[in-house]
């Protein structure tokens, strides 16, 4: 082949690619571009970029504020090129077309931001829109001129969109590497305070092992700062004023990319070998893993400061609640929106039972309370009370339609809060003043767990979390657990199989209530006070989001959900790692809930059986395609309901 | 209700006894409280009253009438919101939890329009035109919100298990509430001052009624009449009723089901928008969480009246509003309970539980599509 024809071939190919590059599905591009634009404008006006701008992700390059906006063009650029390959069809070839589409989507989104920049520059709408401010303008124009901002947003979003779309061109292995590089850099930056605390603590202990023995001494004396052996590493990764250094980010990205390329197969292999094992061998491996995790958690507070312990204690408190709700919603399929009621009952009853000076007008006919109950006895009474309240709330609602039940339990949740707040029961619970000066959890020789000593609370939470996880795990595999799942899948069939559905559902309420009361009791000991305002419906909904995002009906999922959501974003009142997000966390919870329900209702770590129920149609279709099911016979009406009408 | 599954006359279990006790207990509180109240009105020093609540003074006729009017006007707004719940439940069989937020968006957009008009000086000079304009904006915004909601969040979930769209709508509600907080700030927003002729009291058949409350009642009645005409007399309304009756058969009859569902959401949203601006004008302030409680209570109203039943929704709203206004003072005060007015919301929820325990199909009967009928 001569040189000239070869060049001709190449030119022809380029021409073809170029011609194909603009052969886009313009309608789709327009739709995604406008969607991106709306999202970007909304985020800009929500004030997120301005208030998060203080926190750097990579020092001098990008702050969390810009990241909050720039994360969207790549995602939508990627999504616009995504397509569902139906059975019997072949996927279209990837090429320049995808990148161009991504760029167009990004640029169109950027146009919306540019228009916003011009509007903010020329009009003042600060009256209704509180974030319509000069700071927003200077942020959106990158502290340069307005014209610069206008052009920059279109180009920047376009390039980011194209970059997202370009992921389609990579091989799956490379794509995973790139994604894990990005996630590592962002993650290490976000988890800065945690990593700093933990690595610093371990480093200090290595440098000065003697301080470990001080651990058992007086709980609260702040230890002097010692030079940690890892100070050099920390200083290399993190910049002085927060965020990663550029060099640190590059090194981290390289490590993550390398690990992803070399290690991906190994994790999968380890998982496969674990799954392949059966019987005692598997039990042994599980036991080893659990033991390692337990030991790690037990020694963790030796190395960490108050902040990490506090954070983990909060995660644990919500984990307890989420485990309880997981039994009610995940296993038994009952949507309880008033779950916070049991949390409130737990908090209040332990508070009343252990507090030394009882509420002012404590009625005469009740025995006087001056804290003569030990904490454990009080906990026992609390658990019994919570179980009874579970029965009381459960009994009237148990036969209602699933959706009515949700609203009625929500009503019960509100009624209980209103009662605690009201003067009608003010004599017992001090109404709005709440109960204060609650002593900590007294374990006699083991010491007192109280909020002033976060380490003790951490261990208290750890112990109860371990108990609850064990209980959930055993229950899931028990006769009762199987009955719950049967009721969730089809109540009529379950009843026909001889399950007493009413009793089984009531048991779910009771177990859920008991687990929530544990959490309430710990919170009382931790905070030292209870107020009715801590028990808004909001709490129920946040726990619901944790369970759903993690994966309904799966303990691992609930664990992951609590760590990720409560740990990073924070609970209703408790700050998470991203304390800057506190204003926006509820917004993010709402968005997450919608997105999960639309895209992945089974959660991040799904329960296999549950996810089959949710995707019944798809499974049936697959089976039909493979010719396994005779379509005449499938009964679509009975199977598609969680709770039968 | 799943009770239908159980054979009639089957063995009574513990839970049945418990429910019976609960029903009887709740009803006897109502009857007993009412009895004590009436006796107290007749003779303030009667032995029953002095045993239960020695400080009870009873209500004067004016107080009673005031409570009735408050209850009615509040209830009219609940009724307007309840229409949206009821229609959507009738057609799709799921509770649109975010409907309260649609109402809140109406109140909020009404606030923005009216303050802008006030700043321009038109609110005072051309009051009626300004109010009309604000109402139009509120209706538009609420309708848009409901339609977008349906399209983005609910349509993809049609046909999925029943609780999935409900959970999604909780997410939508949470999202809208917090979006309003971050966009417009968390504080309470005050509507501009109303002219005196609207806030004055008028005497109508011995009732002293504030102008705003008259306005609420009139506008609510007009909206209800308009809705009735739309649903019962127009072709689109007929299509809506057909889809509510049986979606599949309606589709076979050539009705565009998707369009009808969108219309249902739109009409429900418009009613919520009207309720929203009335709420703003009556209570003069609005906050991002305004939608939550009225939303839940409107759902209660829909259940009380019978889900899917439009007249029932309105009647349910009015009964709920009156019960909420009257019950604390008429039933609970004579029983010697402290701080009864704090228990208003608890009364509303208890009414929901009571109705579901005693007559789950609502006072005026349900009208649901085939699959959802109990």
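Across the alpha-carbon atoms of the stretch B:109-222, the computed radius of gyration and Dmax are 18.9, 54 angstrom. Here the simple spin-label model places points 7 Å from the Cα toward Cβ, and for residue A:233 and residue B:65 these points are separated by 8.2 nm.
For the stretch A:307-535, the fraction of C-alpha pairs farther apart than 27 angstrom is 35 percent. Here r is the Cβ-Cβ distance between residue A:620 and residue A:93 and R0 is 25 Å; the resulting FRET efficiency, rounded to 0.05, is 0.20.
Here is how the number arises for chain A: DSSP H runs of 4 or more residues each give -39500 (n - 2.57), the sum is divided by the residue count, and the result at 222 nm is -21500 deg cm²/dmol. Inter-chain Cβ neighbour count for A:589-602, averaged per residue, equals 6 (cutoff 10 Å, partner chain atoms only). Each peptide in B:98-111, A:380-393 was scored by the mean count of other Cβ atoms within 10 Å over its residues; highest first, the order is B:98-111, A:380-393.
Which FRET efficiency value, to the nearest 0.05, do you get for residue B:285 and residue A:138 by plugging their Cβ-Cβ distance into 1/(1 + (r/R0)^6) with R0 = 41 Å?
Numbers: r = 33 Å, r/R0 = 0.81.
After rounding, the FRET efficiency stands at 0.80.
Angle of helix A:375-397 to the longest C-alpha principal axis of chain A, folded into 0 to 90 degrees and rounded to 10: 70°.
For chain A, take the longest principal axis of its alpha carbons; what is the angle in degrees between that and the long axis of helix A:146-166, to the nearest 10 within 0 to 90? With rounding to tens, the tilt is 90 degrees.
For the stretch B:271-352, the gyration tensor built on C-alpha atoms gives an oblate shape. Its axis ratio a/c (a ≥ b ≥ c) is at least 1.5, and a/b is not larger than b/c. Of the beta bridges in the protein assembly as shown, as assigned by DSSP with both residues counted there, near 95 percent are antiparallel.
Give me the tail of P(r) for the stretch A:420-523 as a percent: Cα-Cα pairs with distance above 21 Å. Could you put the intermediate results ahead of the total?
Values: 3053 of 5356 pairs.
Cα-Cα pairs of the stretch A:420-523 separated by over 21 Å account for 57 percent.
First check a/c for chain B, with a ≥ b ≥ c the square roots of the eigenvalues of its C-alpha gyration tensor; if it is under 1.5, answer rounded, and if not, answer prolate when a/b is larger than b/c or oblate otherwise.
Numbers: a/c = 1.92, a/b = 1.09, b/c = 1.76.
It comes out oblate by the Cα gyration axes.
Once you keep just the Cα pairs under 8 angstrom separated by 6 or more residues, what percentage relative contact order results for chain B?
This gives 33 percent for chain B.
Label reach from residue A:16 (point 7 Å along Cα→C-beta): in the stretch A:88-115, amide nitrogens under 18 Å belong to A:91-98.
Counting Cβ atoms of other protein chains within 10 Å of each Cβ in B:182-191 and taking the mean gives 4. Of the peptides A:63-72, B:78-87, the ranking by mean beta-carbon count within 10 Å, highest at the top, reads B:78-87, A:63-72. Here each label is just a point 7 Å from Cα along the line to Cβ, and for residue A:376 and residue B:42 those points are 6.1 nm apart. Rounded to the nearest 0.05, what FRET efficiency do residue A:268 and residue A:307 have when you use their Cβ-Cβ distance and R0 = 45 Å? Step by step, r from the Cβ atoms, then E = 0.80. Among B:15, B:170, B:214, the largest mean-square fluctuation in a Gaussian network model of chain B, built with springs joining Cα atoms closer than 10 Å, belongs to B:15. Across peptide B:13-23, the mean count of Cβ atoms from other chains lying within 10 Å of each residue's own Cβ comes to 3.
Go through A:539-551, A:143-155, B:258-270, A:342-354 and give me the packing order, highest mean Cβ count within 10 Å leading. It would help to have the intermediate numbers written out before the result.
Details: A:539-551: 26.5, A:143-155: 16.2, B:258-270: 22.0, A:342-354: 28.0.
Sorting A:539-551, A:143-155, B:258-270, A:342-354 by mean packing, highest first, produces A:342-354, A:539-551, B:258-270, A:143-155.
The modelled label-to-label distance for the pair residue B:127/residue A:482, using points 7 Å beyond Cα in the direction of Cβ, is 7.3 nm.
Dividing the helix sum by the residues of chain B, where each DSSP H run of 4 or more adds -39500 (n - 2.57), gives a mean residue ellipticity at 222 nm of -23000 deg cm²/dmol. The angle between the Cα long axis of helix A:501-527 and the main principal axis of chain A comes to about 90°, on a 0 to 90 degree scale.
Using every pair of distinct Cα positions in the protein assembly as shown, the Kirkwood expression returns a hydrodynamic radius of 31.5 angstrom.
Sort the stretch A:15-169 into rounded, prolate or oblate with this rule: let a ≥ b ≥ c be the square roots of the eigenvalues of the Cα gyration tensor; rounded if a/c is under 1.5, and if a/c is not under 1.5, prolate when a/b is larger than b/c, oblate otherwise. Prolate.
Coordinate-derived values only; no laboratory data. None of these values were measured; they are calculated from a predicted model. Positions of Cβ are backbone-derived with ideal geometry, glycine not excepted, and every protein chain shown enters the neighbour counts.
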